[in-house]
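The numbers here are math on the coordinates, done by the rules we state, and not lab data. Just so it is clear, the structure is predicted and the values come from calculations on it, not from any experiment. Please note: Cβ atoms are built from the backbone with ideal geometry, for glycine as well, and neighbour counts cover all protein chains shown.
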Amino acid sequence: MKKVLSFLFVYLMFSSIVMAKDIRFVQITDVRYSDSNNNLTTVVNAVNSEKNVKFVIFTGDNIERPAKENLEGFIKEANRLKVPYYIAYGDKDVNKYKDFGKKEYTKLLRKKAKKYKQDLTNYTFEKEGVVFFVVDGSKEVIPSTNGYYKADVLDWLDANLALYPKKNVVIFQHFPLISPTENENYYTFKPESYLKLINDHKNIKAVVSGHFGVNKEETVNEVMHISTAPAPFYRVIDMMDCTSKKPEFWAQIKEAKKD
């Protein structure tokens, strides 16, 4: 009987180890691509050398100013990535008064990046049993360095989070909710409602942002808030045991350097 119990214990332990899933993804933020600022080539080369990456997320300020030629150059470099990539808007990406609003941005992206089907204004995708949310806090009319997650955005987020009560969620966005450093020009406008929403949904495990230009990790109410510095830095994020109730995050900062 003891041998049977011992065997059963070892089997269950082994099964739990085998069933544990990890996922690795890369965050690139604040590329600010232009003809005079093309560090994305170096970053893409570095990311392509990383092992076991499932996807790349660009968390906003992808181009220096809202213009067709900047986005075309950005897409050309991003298309060299060996893995799928996803995009969030930043405060520099769109400006409706300059005839390059979110509609024009998304249309060009879908045209030049043939496999890109997402609508950049709030969307989800799933990998390895984890649901990833991309949330838009940018403004195309009178853009500002202060993020603003409007009521309709939070309503969308609340409703869609409720669809995945038993799945872990990671949120990507440009503007942090927990400011990683003091800079009143970069603060997110009235983040309290958003933070309350996060506290109401226990499936959110991390919020990954850019914008402030600094690297910081802070856990607030069991949610990891990750802020990352601009390219040529990038962050390799390992979400270990990613489908468990308490996954662990290992967020490495790396700098892409020219050969």
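Odds and ends about this structure:
- Cα-based helix-to-principal-axis angle, 151-161 vs the chain, degrees rounded to 10: 30
- Packing-based order for 238-244, 140-146, using average beta carbon neighbours within 10 Å, highest first: 238-244, 140-146
- GNM remark for the chain: springs join alpha carbons under 10 Å apart, and the peak mean-square fluctuation among G147, G213, G90 falls on G213.
- Simple Cβ-charge dipole of the chain, Lys/Arg +1 and Asp/Glu -1, about Cα centre, in debye nearest 20: 1060
- When Rg and Dmax are taken over the Cα atoms of the chain, they come to 19.3, 77 Å.
- The long axis of helix 68-78 is offset from the longest Cα principal axis of the chain by roughly 30 degrees.
- Contact order normalised by residue count of the chain, Cα under 8 Å, 6+ apart, percent: 21
- Cross-link pairs K54/K117; K76/K216; K51/K127; K107/K205; K92/K150 - those with Cα-Cα distance over 20 Å: K76/K216; K107/K205
- Of the GluC sites (Glu not before Pro) in the stretch 165-259, those whose Cβ has at most 15 other Cβ within 10 Å and which sit in DSSP loop: E182, E222
- Relative to the dominant Cα principal axis of the chain, helix 2-19 is inclined by about 10°.
- Of E77, E72, the sequence from fewest to most neighbouring Cβ atoms within 10 angstrom is E72, E77.
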